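*Asks:* The structure under discussion is supplied below as structure tokens; questions concerning it will follow.
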Amino acid sequence: MSTTTTPIPDQKKVGMVSLGCPKALVDSERILTRLRADGYAMSPDYAGADVVLVNTCGFLDSAKEESLQAIGEAIAENGRVIVTGCMGEEADAIRAAHPSVLAVTGAHQYEAVVEAVHEHAPPSQGPFIDLIPQPDVKLTPRHYSYLKISEGCNHSCAFCIIPDLRGKLASRRIDAVLREAEKLVAAGTKELLVISQDTSAYGVDTRHESRMWKGREVRAHMTDLARELGQLDIGGGAPPWVRLHYVYPYPHVDAVIPLMAEGLLTPYLDIPFQHASPKVLRAMKRPANEAKVLERLKSWRETCPEIAIRSSFVVGFPGETEGDFQYLLDWLEEAQLDRVGAFRFEPVEGARANSLPDPVPEDIKEDRYARIMEVTERISAAKLAAKVGATIPVIIDEVGEPDEDGDIGATGRSQADAPEIDGAVYLRNVPNSLAAGDIVTVSIEDSDAHDLYGAVH
């Protein structure tokens, strides 16, 4: 007796171009996870995709230009393009530049993106494919993951349009965040990078509501979240590396430093100081009071000597005088921050700073940028040189191929190094059993302005 079989249809394929910050990368992962669950496959190139998603950035005018270029490239290579992300709020500008885009949606509009894909590349799955469990889609390596705890921001900084793009603060439920973190660790994540527009404000909008987790009540609050994440186990009773990003220095930040000293939280804080001159900070409408920051930095280092502080600063903000800039340089000499990024002020359409008087000429911006980088590189070089001879934990990101002598090199990061934005630790002659995601003890043998060099201890 002959039987007929129903062939499983070919899966429709989706390509993704993800631009901008880690928060946008998390959005891309969520969109692709939804589409994977709906039966779509992921295409690694333009040619194999039935439709291409471009997740745009709209924070700076230069980022918008990059987004428009990426959309244009996707149209040229594939022709079937759906646009989402922060610049999606400017649909008219996108359609004016690229009238052939299939659809435009805004930031974190997951349902609208999925609906647009369904419309323009209907899923071809059958009833059998629905039974296949699909893992979450990850755009980062398996061993580290971004954990987004909220959307939006309640601040009104003069140079920023994030609240206009992403709305007011909207915190995720604490149990949902912890459940996601637990799943990520179970799937092999060794390092959790906690991100939002304002991590210190987590839960303010929900009055820090409590939820039951593991038989106890836990508040939606940064300190409670950090303590609970430190209870997760990546094996052998060790907690994951938990790294806090975009932490405004509110008073309650002091409470997470003892968790670092206890080993529950990675001794690292990413704090967006942006400037030090009180006059410039007022013009920026920054929410934090910088007056006591230096004393708090000293206190944090007394509680947890290993703590690494990263920050970013804007030079050339309208009205910034040479005196203001020198104040910032003097402050940096005293603060001795471990990792510093600097940006030249750039007007952004819709930002209140555009109308401020006394814009700083471009040549002066360039000069100040070069000077701040010179100061911060010197500080970084001295701090890294002090680690030569020490043994430190390092998480491995990449293991190389053997050279002609059979030696294998590897690249990793210390607890003072967030992926993609900070330095690296370069290892020589590692065991061939070493793999990405391993956490090893390393003897530091050398350093430069940004990186460390050593061998597995």
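*Asks:* Condition first: more than 27 Å from the chain's Cα centre (by Cα), at positive phi and either open to solvent by less than 60 Å² (accessible area, probe 1.4 Å) or modelled with pLDDT of 95 or more (or both). Now tell me which residues in the stretch 317-362 satisfy that.
*Replies:* Selection gives 319 alone.
*Asks:* Among residues belonging to the stretch 254-276 that are farther than 11 Å from residue 227 by Cα and among the charged types (D, E, K, R), point out the one that is most open to solvent (accessible area, probe 1.4 Å).
*Replies:* Among those that are farther than 11 Å from residue 227 by Cα and among the charged types (D, E, K, R), it is 254.
*Asks:* Consider the stretch 447-456. How many of its residues are open to solvent by 30 Å² or more (accessible area, probe 1.4 Å), free of Cβ contacts under 8 Å to residues at least 60 places away in the same chain and more than 20 Å from residue 141 (Cβ to Cβ)?
*Replies:* 1
*Asks:* Evaluate the following for residue 400: is it more than 21 Å from the chain's Cα centre (by Cα) and on the phi > 0 side of the Ramachandran plot? Before the answer, list the steps.
*Replies:* Details: more than 21 Å from the chain's Cα centre (by Cα): yes; on the phi > 0 side of the Ramachandran plot: no.
No, not satisfied.
*Asks:* Checking residue 388 against (1) in a loop (DSSP other than H, G, I, E, B); (2) among the hydrophobic types (A, V, I, L, M, F, W, C); (3) open to solvent by less than 50 Å² (accessible area, probe 1.4 Å), only one condition comes out false. Which one?
*Replies:* Evaluating residue 388 over (1) in a loop (DSSP other than H, G, I, E, B); (2) among the hydrophobic types (A, V, I, L, M, F, W, C); (3) open to solvent by less than 50 Å² (accessible area, probe 1.4 Å) leaves (3) as the failure.
*Asks:* Go through the stretch 225-253 and give me each residue that's open to solvent by 10 Å² or more (accessible area, probe 1.4 Å) and touching a helix residue (DSSP H, G or I) at 6+ places or on another chain (Cβ under 7 Å).
*Replies:* Hits for the stretch 225-253 are 227, 228, 232, 234, 245, 246, 249, 250, 252.
*Asks:* Step by step: first the residues of the stretch 423-446, then only those that are open to solvent by less than 30 Å² (accessible area, probe 1.4 Å) and in contact (Cβ under 8 Å) with a residue 60 or more places away in the chain, then the one that is farthest from the chain's Cα centre (by Cα). Which residue is that?
*Replies:* 437
*Asks:* Can you find a residue that is part of a loop (DSSP other than H, G, I, E, B), hydroxyl-bearing (Ser, Thr, Tyr) and under 20 Å from residue 119 (Cα atoms) anywhere in the stretch 24-31?
*Replies:* No, the stretch 24-31 contains no residue that is part of a loop (DSSP other than H, G, I, E, B), hydroxyl-bearing (Ser, Thr, Tyr) and under 20 Å from residue 119 (Cα atoms).
*Asks:* Go through the stretch 57-72 and count every residue that is in contact (Cβ under 8 Å) with a residue 24 or more places away in the chain and not in a loop (DSSP other than H, G, I, E, B).
*Replies:* Step one: filter the stretch 57-72 for residues in contact (Cβ under 8 Å) with a residue 24 or more places away in the chain, giving 57-64, 66-68, 70-72.
Then keep just the ones that are not in a loop (DSSP other than H, G, I, E, B); that gives 61-64, 66-68, 70-72.
Looking only at that region, the number is 10.
*Asks:* Follow-up question, since we're still on this one. Name the residue, out of 181, 112, 116, 107, that is within 29 Å of residue 92 (Cβ to Cβ), modelled with pLDDT of 90 or more and in contact with a strand residue (DSSP E or B) (Cβ under 9 Å, 6 or more places away or on another chain).
*Replies:* Answer to the check: 116.
*Asks:* Which one of these is buried (at least 18 other Cβ atoms within 10 Å of the Cβ) and without any contact (Cβ under 8 Å) to a residue 24 or more places away in the chain: 26, 104, 54?
*Replies:* Residue meeting the stated conditions: 104.
*Asks:* Moving on to the next point. Within the group 99, 122, 141, which residue is more than 25 Å from residue 311 (Cα to Cα), modelled with pLDDT under 90 and open to solvent by 30 Å² or more (accessible area, probe 1.4 Å)? Before you say what the answer is, go through the steps one by one.
*Replies:* Details: 99 fails: modelled with pLDDT under 90; 141 fails: more than 25 Å from residue 311 (Cα to Cα).
Only one candidate qualifies: 122.
*Asks:* Looking only at the stretch 257-273, count every residue that is in a loop (DSSP other than H, G, I, E, B) and over 22 Å from residue 150 (Cβ atoms) and tell me the total.
*Replies:* 3
Residue-by-condition table, conditions (1) out of contact with any strand residue (DSSP E or B) (no Cβ under 6 Å at 6 or more places or on another chain); (2) assigned to a helix (DSSP H, G or I); (3) at pLDDT 95 or above; (4) within 28 Å of residue 139 (Cβ to Cβ):
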position	(1), (2), (3), (4)
376	no, yes, yes, no
396	no, no, yes, yes
406	yes, no, no, no
420	yes, no, no, yes
433	yes, no, no, yes
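The values are calculated or read from the model by the stated rules, or taken from the named source; none is laboratory data. As the structure is a prediction and not an experimental result, all values here were calculated from the model. Cβ: placed from backbone, ideal geometry, glycine included. Neighbour counts: every protein chain shown. Calculation scope for accessible area: heavy atoms of the full protein, side chains included, ligands and nucleic acids excluded. Shrake-Rupley method; radii C 1.70, N 1.55, O 1.52, S 1.80 Å.
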